[in-house]
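Note sheet for the following structure.
The values are calculated or read from the model by the stated rules, or taken from the named source; none is laboratory data. What you are looking at is a predicted structure, and each value in this text was computed from that prediction instead of being measured. Using ideal geometry, Cβ is built from the backbone for each residue, glycine included, and neighbour counts are taken over all protein chains shown.
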């Protein structure tokens, strides 16, 4: 039994004519008649009495008509529901973000997204990159905002960059180099370093910058938050490296660009390759991309 057969059947019942039904259905009359015969053969019952030019429902046809109409209504309702869901931006969305990006990048993005799409229900998970990737694999998260490139060997994830930012050395305000416009990490080799702990991808970026300067940093303090590190720097306990977005307006620290063209990090969005993303996620990705392009 095919949907178009049910549509032809209902059209004949409504118009009382094979020819008018064919015209209404935009199909030739022989084709329509053939489909009705196939339907009757499948049901094992006549649905219409053909009385010359007059067509009347049989008793079984009359009983079948409300059922056929109900099926067509359900199909149309299902189609309309899919179309509406495709065009609407609503429902839950889980966004992951690493701690060195979340407090600085997400608040304005989420605020503007929530104002624009008030039916979206966004939840945030702040974790290190490996744990966010596990959530993407498990399907409990749609998108993650992390530092790129990913340290994975296959093509299970899709990613695109949003922005790049410079790395800065953070010195106490009374440090002998605090007034310089730029600083080489080689000039800081005798200083104790305060860095993010292992597991944070920015730790890798900071250590890589030190390696390029042939510097083995003497790490005396590790934390999971830039705020803790900056407080330690302000107290004169050492120096650190932070991305541009972590720069704060404070009088007890100096943020100085690092004299290294490769001392940068790229921030991007990651999704699971091959996964069909809900409309709300697609809207979020487009919104984030537009937001970064206008800032």
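Key figures for this structure:
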quantity	calculated
Single condition residue 237 does not satisfy, out of (1) in contact with a strand residue (DSSP E or B) (Cβ under 6 Å, 6 or more places away or on another chain); (2) surrounded by 15 or more Cβ atoms within 10 Å (Cβ to Cβ)	(1)
Residues of the stretch 102-123 satisfying the condition of being surrounded by 15 or more Cβ atoms within 10 Å (Cβ to Cβ) and either outside the structural domain of residue 285 (by TED's automatic domain parsing) or closer than 26 Å to residue 201 by Cα (or both)	102, 103, 104, 105, 106, 109, 110, 122
Options 95, 125; residue that is over 24 Å from residue 229 (Cα atoms), touching a strand residue (DSSP E or B) at 6+ places or on another chain (Cβ under 6 Å) and modelled with pLDDT of 95 or more	95
Within the stretch 177-204, tally of residues that are over 13 Å from residue 240 (Cα atoms) and either buried (at least 17 other Cβ atoms within 10 Å of the Cβ) or touching a helix residue (DSSP H, G or I) at 6+ places or on another chain (Cβ under 8 Å) (or both)	4
Residue among 21, 13 that alone is in contact with a strand residue (DSSP E or B) (Cβ under 9 Å, 6 or more places away or on another chain) and touching a residue at least 40 places away in the same chain (Cβ under 8 Å)	13
Hey, residue 220 buried (at least 16 other Cβ atoms within 10 Å of the Cβ) and either at pLDDT below 95 or part of a strand (DSSP E or B) (or both) or not	no
The one condition in (1) over 21 Å from residue 282 (Cβ atoms); (2) outside the structural domain of residue 224 (by TED's automatic domain parsing); (3) in contact with a helix residue (DSSP H, G or I) (Cβ under 8 Å, 6 or more places away or on another chain); (4) outside any helix (DSSP H, G or I) that residue 99 fails to fulfil	(3)
Yes/no for residue 170 being in the same structural domain as residue 243 (by TED's automatic domain parsing), modelled with pLDDT of 95 or more, farther than 25 Å from residue 143 by Cβ and loosely packed, with under 14 Cβ neighbours inside 10 Å	no
The stretch 117-152, subset part of a helix (DSSP H, G or I) and over 16 Å from the mean Cα position of the chain (by Cα), residue nearest to residue 92 (Cα to Cα)	131
Verdict on residue 139 being touching a strand residue (DSSP E or B) at 6+ places or on another chain (Cβ under 8 Å) and loosely packed, with under 12 Cβ neighbours inside 10 Å	yes
